[in-house]
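Everything on this sheet refers to the single structure shown next.
The values are calculated or read from the model by the stated rules, or taken from the named source; none is laboratory data. Note that the coordinates shown come from a computational prediction; the quantities given were computed from them, not determined experimentally. Methodologically, a virtual Cβ is constructed for each residue, glycine included, from the backbone with ideal geometry; neighbour enumeration extends over all protein chains shown.
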Amino acid sequence: MGKNNPVRILICDDEPSVRESLSCWFREEGYAVNVAVSGRDALEQLAHASWDIYLIDIKMPGMDGLELQRKVKAADASATIILMTAFASVETAVEAMKQGAYDYVVKPIDPDDLEHLVHNAVERRQLVSENLRLREKIDEISQFHEIIGKSSAMQRVLEQVTLVSQTDTTILIRGESGTGKELIARAIHADSPRRRYLPIVVVNCGALSEGVLESELFGHEKGAFTGAQYRRKGKFEMADGGTLFLDEIGDISLKTQIDLLRVLEEKTITRVGGNQTIPVDFRLIAATNRNLESMVTQGTFREDLYYRLNVFAITLAPLRDHRDDIPLLVEHFIKKHSSAMNKRVSGVSTEALELLKAHDWPGNARELQNAIERAVLVCKGVEIQACDLPIQFHDNKPLANSKSLSALEAQHIKRVLDETGWNISQAARWLEIDRVTLYNKINKYQFRHEGAKK
């Protein structure tokens with residue numbers, strides 16, 4: 001919201017005191033405010049202008065708020081409407097939300113609560129508008145411009161994306177970390193009819209504790225727990241009409257699994273601390289790098305949820321299984337990072353490319369992108385040389401063809417040390433050994449690093 005282009009609000013209420021107080025509050029916050037004394041007055045103004053946010057009282061003489069909402073939506077399907085209601089008509093407000101209202105507030109109105117709600121509504125409207133502006137650009141270019149690969153493995157994935165994107169089928173994307181699961185989810189959404197309504201909503205389940213994840217997904221009512229100062233919509237509601245992507249689905253608790261299954265079956269949610277049932281309509285895409293079948297056998301993942309998620313599975317092969325795509329990925333990442341850094345790097349030497357093709361890429365395409373970003377940064381010419389690559393590519397070269405256990409252990413330990421910046425404590429945790437054992441391994445394999453952290 002800027003001074004030269006403020007957010008526009010229309011307040012429609014038959015009570016003069018409500019119109020006056022609300023208009024004063026929002027003008028002080030920098031909003032552009034108009035008022036209407038009745039539903040008919042609001043429609044007359046709507047014939048000559050439009051607003052970003054409509055604040056409409058439900059109970060008004062003549063045309064009530066629900067009828068006004070229907071007429072506003074008929075004139076502007078993207079209108080963002082917040083209803084104002086008394087306690088006695090909360091159920092009516094919930095019903096109005098089913099018909100397209102963004103949310104509702106209960107009188108007497110807390111100005112902080114209402115301003116917070118309007119702020120969230122403005123952010124959502126801006127996201128939707130940005131999505132609509134980008135839609136034409138997306139349609140003009142390849143829907144899968146970030147999915148690089150001509151190998152048979154990648155072509156199968158692209159065929160699956162094309163097949164399933166026009167449906168509302170639940171999808172489970174499987175693959176190791178760094179194989180591009182979120183990229184595939186975004187491509188499916190970008191090629192689906194739901195892209196016209198909302199951007200894809202992404203939740204990384206593995207990064208959140210059970211309690212935080214519950215609030216993130218379901219939202220919460222004011223006062224539901226310590227620190228819940230405002231009513232907040234969760235990702236289920238935010239994805240209504242669009243696509244919800246749940247990454248690392250294998251990391252959620254059994255309780256959250258039960259809650260998710262109920263949402264998928266009933267298509268309704270209840271906010272934390274609330275008792276109102278709210279309908280939701282989203283397309284679910286889940287992703288995991290874990291073996292869900294084994295987790296079902298072990299009792300750590302519900303069998304019924306597994307089958308509910310695994311309606312259509314897309315499996316992404318690790319980069320080491322389609323190495324013929326590495327040159328294309330390298331070219332793509334060079335263009336991307338040289339442009340971002342404003343450098344004139346345009347290619348890679350034969351020696352450097354051979355080193356890249358020989359690497360096992362445990363971090364898959366994400367690791368490759370990081371390596372190319374680093375190489376572009378340090379490159380002094382127009383072509384990436386072998387010396388521009390991270391040190392592990394050179395240290396591992398004599399061991400590239402070795403299959404001995406000792407050689408493989410040395411490669412793995414050296415890679416972890418380099419990835420942690422030689423932070424001994426962190427590397428030991430990653431390797432699941434103690435610091436003394438790690439120091440012994442470093443001495444055994446004669447690793448040297450001047451910047452090692454003690």
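In the stretch 70-91, of all residues being polar (S, T, N, Q) and surrounded by 14 or more Cβ atoms within 10 Å (Cβ to Cβ), the one that is modelled with the lowest pLDDT corresponds to Ser89. Being surrounded by fewer than 15 Cβ atoms within 10 Å (Cβ to Cβ), closer than 18 Å to Gly175 by Cα, in the same structural domain as Asp247 (by TED's automatic domain parsing) and out of contact with any Ser or Thr (no Cβ under 7 Å at 6 or more places or on another chain) is a property that holds for Glu293. Report, by residue number, each residue of the stretch 409-425 that is assigned to a helix (DSSP H, G or I) and either in contact with a Cys (Cβ under 9 Å, 6 or more places away or on another chain) or of a type in the set (S, T, N, Q) (or both). Selection gives Gln411, Ser425. Taken over the stretch 293-352, residues that are of a type in the set (S, T, N, Q) and free of Cβ contacts under 8 Å to residues at least 12 places away in the same chain amount to 6.
Among the residues making up the stretch 309-325, those that are surrounded by 18 or more Cβ atoms within 10 Å (Cβ to Cβ) and under 25 Å from Leu244 (Cβ atoms) are Leu309, Ile314, Leu316. For the stretch 272-301, a tally of residues being within 25 Å of Ala228 (Cβ to Cβ) and either over 20 Å from the mean Cα position of the chain (by Cα) or of a type in the set (Ser, Thr, Tyr) (or both) returns 8. Can we say Gly241 is assigned to a loop (DSSP other than H, G, I, E, B) and in contact with a Phe, Trp or Tyr (Cβ under 6 Å, 6 or more places away or on another chain)? Yes; evaluated as a whole, the condition is true for this residue.
Taking into account only those residues within the stretch 213-228 that are touching a residue at least 12 places away in the same chain (Cβ under 8 Å) and assigned to a loop (DSSP other than H, G, I, E, B), which is farthest from the chain's Cα centre (by Cα)?
Applying the first criterion (touching a residue at least 12 places away in the same chain (Cβ under 8 Å)) to the stretch 213-228 yields 213-225, 228.
Remaining after also requiring assigned to a loop (DSSP other than H, G, I, E, B): 221-225, 228.
Details: Glu221: 23, Lys222: 25, Gly223: 27, Ala224: 25, Phe225: 25, Ala228: 23 Å.
Within the stretch 213-228, the match that is farthest from the chain's Cα centre (by Cα) is Gly223.
When the stretch 12-69 is limited to residues that are among the aromatic types (Phe, Trp, Tyr) and part of a helix (DSSP H, G or I), the one that is surrounded by the most Cβ atoms within 10 Å (Cβ to Cβ) turns out to be Phe26. Any idea which residue in the stretch 114-132 is surrounded by the most Cβ atoms within 10 Å (Cβ to Cβ), counting only those that are of a type in the set (Asp, Glu) and either under 21 Å from Thr85 (Cβ atoms) or modelled with pLDDT of 80 or more (or both)? My answer is Glu115.
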